[in-house]
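One structure below.
All of the numbers you see were taken from the coordinates with simple rules; none came from a lab. Predicted, not measured: the structure shown is a model, and the values here were computed from it. Cβ sites come from the backbone with ideal geometry, for glycine too, and all protein chains shown count toward neighbours.
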Amino acid sequence: MESEYRELVESCVRDDRKAQREMYDLFAGKMYVLCLRYAISQQEAEDVLQESFIKVFKNIKKFRGDSRLGYWIKRIVVNTALNHRRNKLYMYPMVDVDEIHQNVGHDKVFSDYGYEELLSMISELPSGCRIIFNLYAIDGYGHKEIAKKLGISEGTSKSQYSRAKMLLQKKISGEQLKDYEKFK
Amino acid sequence: MKSSNNRQWFEAYWEKAFRNASKKPPDAVWDKINAELAGSEISGYKKRIVFFKWLAAASVLLAVGMGFYSLYYDRNNLNSESPVVQTNIADDTDKMDSKANTFQSEDNRKSRTEDLAGKEVLSQHDIALNATEMTKGNTGISDVPMNAELLSEKPNNTSSRYVAENDVAIAHNRNNRSDAYDQATMPGSHMTALPESIATIWVSSSMKKPDLPVDYMYKRPVVPVNFKNKKKKQPLQLYAGLNFSTGMFDPNFEGGSPESFNNADLAMFSSYSARTLNTVNVADDAVISNESYLPDISYSYGINMGARVAGRWVLRGGVSYIKANTIANTSAYYQDNSNNEKYPVLKSVNYQNDGVVEIRQTEGLQFDNTFEFASVPIKAGYIVLDKKLNLTLFGGVSSEFFLKNTITQKNDLTNVYENDRGSESPYRPVYFNGSLSTALGYTIAGHYRLSVEPGYRMALSSFTKDSFVLTGRPDAFYLNFGLSYWFK
């Protein structure tokens, strides 16, 4: 277990509310952004965050310290977000699409965007491919793991990811073009 | 390859963009988390209380069930309790001399014949006569009913006169009774032995309970030898033991209201004159302290002595040390800036300080609020089941002598605060409890008894002083484990 969090975790195991608040203050900010990436609204993100931290505090005794505390909490938040969205996930088409090759050539044009602008772009993605994009591109899950988590085929995961990537690149290209025309 | 590089760059960019992204969530999120965690704690406590309630209810049901079983068993097992009990009729009574029956009056015979023919209920005449008819001897006269068992054991002792036990043989089969009666009472006939299978009978509860057998020669009741001594006085049984109990102690505080403090209106001084704070600053514009209390697991241990005083009644007394835990919640604390001492804002904390004190608000401060008592109980018990496995219902009262109240914050944010027995204490030096319990015991090696005793204890008087703003009548569900030694 990370020595810096050892006492904090032990206090949380004893249901010490002050320690729980301290842990919340340490990780809630990052986890809130994570929730905003998966949720379709701010309200839903708050609900997921609340539910996640309650799970964290109720299960903190299971944290063995074999992984980083932040990573352990992140996995709980991701799983909670997926559970929250699971019913709504399949309202959107989740079928294989043709492989979309990244030949748009605008890969490096959005290097100066801040996370809030990128978050805004993600939130405009269709729900199904937004989740897969989040899992694969940002949270580091492989397609095999995503397929298992969401109960879909690996091919579907890959194609949905490609679709998300294409939509994002188009979005960025469009933004760049607008900026360029404004500048001109 | 290029495509692969593009992908890696693409994902790396997004991952990096969000790696340290952070945004403060609204405060309402923590408030909801805090409320839900507090709710689940309360739910946990409630579950524990429910466990003890069910335990108490189950033990009462068990006691009632075993009580009914015990009563039913005792009523039917009359061979050891009732004055009308069975005996065996020997097979070798075939030589019973009919002369022995010649003293029977004609009236008696008629009466018995009618009775045997028309009723299931045997009269005391039948009982006396049946025994008398079985008298084996050459005297021809017997002034007491004979014990048929003795006859069978001593078939040749024809001259002995035997004194009947309480127990008199009764033939339950009407035909057999009639045959036996006819043969035994008709002059010149011999009594025929009754089959052993029907010789021993149970007397049903509907049968009329006979009085003493009657000596038909002298028309006076026959007093069996041990009849008067049937209800033997039991010797006083003393016992001493150790006990340990655990349970949920709920202080049941009532009254009071949330305390509010602000620099403009320090209402606390009018409400809580016991506090002598020289200078007070309220950290925020206003501080509101909500306090609440939850039951928690408590335990006690002690010694007890008792005696079986009469029949199934026992008395028990002793002395125990009780450590009763509760959880106190508050949302504010005092801080002495001169020495950095901190104490919770609770109504039972009579904080006194001459320095500058600051009152601060914080979320979810939780304290172990522990009461220590010396308990002197006295209980009366009724033994429902008195076997190796035994069951006793107890009721009683106890005096709880207050020793100390300690308020400790779980992670040592605040200093430990104590209320002792002094005049400043908000708690009475002594208060009284009433209790009900059921003890299930098991006797080992004749002298030792292990027992489990679930019960409920409730205050008969408040354990807080009248001057204190809160009133508390504590109650507790508990489970007592005991080991006692019975002196016999």
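Key figures
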item	result
Nitroxide proxy distance, nm - points 7 Å out along Cα→Cβ at A:GLU117 and B:LEU315	9.2 nm
Residue pairs, from the table A:LYS18/B:LYS24; B:LYS47/B:LYS404; A:LYS30/A:LYS74; A:LYS58/B:LYS410; A:LYS61/B:LYS32; A:LYS61/A:LYS149, whose Cα atoms sit over 20 Å apart	B:LYS47/B:LYS404; A:LYS61/B:LYS32; A:LYS61/A:LYS149
Radius 12 Å from Cβ of B:TRP313, net charge of other residues (Lys, Arg +1; Asp, Glu -1)	+3
Within-14-Å neighbourhood charge of B:TYR485 [Cβ basis; K, R +1; D, E -1]	+4
Segment A:3-86 - Rg over Rh from alpha carbon coordinates, Kirkwood radius	0.97
Against the rule of thumb 2.2 N^0.38 Å, how large the Cα Rg of segment B:422-480 comes out	1.65
Sparsely packed trypsin sites (Lys or Arg not before Pro) within segment B:371-418, loop by DSSP, other Cβ within 10 Å at most 14	B:LYS387, B:LYS388
Distance cut-off 26 Å, percentage of C-alpha pairs in segment B:325-474 lying past it	45 percent
Local electrostatic count at A:GLY29 - Lys and Arg +1, Asp and Glu -1, tallied over other residues with Cβ under 9 Å	+2
